[in-house]
Amino acid sequence: MFVVSVLVCIQQSALRFKTRQKLASITALQMKDIGMTKERQQAELSQATLIGFVGDLLTFIKNKGRIL
């Protein structure tokens, strides 16, 4: 069961990483549509690194451990 939880965490972290990378290419109008500021975009983009990916992964694993 723990292995499945870890795999789900990896999948969620990978999806979040890809989403953050795609955020770099959206236009100002698209940012306005989703209600995102330039500062928030920059904060999310700064987490689109390997360190951000590992941090997300560890956070998900930590939270899953509490749920189980």
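Bear in mind these aren't lab numbers, they're just calculated from the coordinates by the rules spelled out. Source: prediction; values computed, not measured. Cβ coordinates were reconstructed from backbone atoms using ideal geometry, including for glycine residues, and neighbour counts include every protein chain displayed.
Observations on the model:
- Meets criteria (outside any helix (DSSP H, G or I) and of a type in the set (S, T, N, Q)) for Ser5: no
- Pairs meeting the criteria (first residue in the range 3-16 and closer than 15 Å to Asn63 by Cβ, second residue not aliphatic (A, V, I, L, M) and not in a helix (DSSP H, G or I), beta carbons under 9 Å, at least 6 apart or on different chains) are Arg16/Gln47.
- Whenever a residue of the range 19-31 is part of a helix (DSSP H, G or I), its partners that are among the hydrophobic types (A, V, I, L, M, F, W, C), lying with C-beta atoms within less than 7 angstrom and at least six residues away or across chains, give the pairs Arg20/Leu45; Arg20/Ala48; Gln21/Ala48; Leu23/Leu45.
- Any chance Ile51 is of a type in the set (A, V, I, L, M, F, W, C), part of a helix (DSSP H, G or I), in contact (Cβ under 8 Å) with a residue 24 or more places away in the chain and out of contact with any strand residue (DSSP E or B) (no Cβ under 9 Å at 6 or more places or on another chain): no
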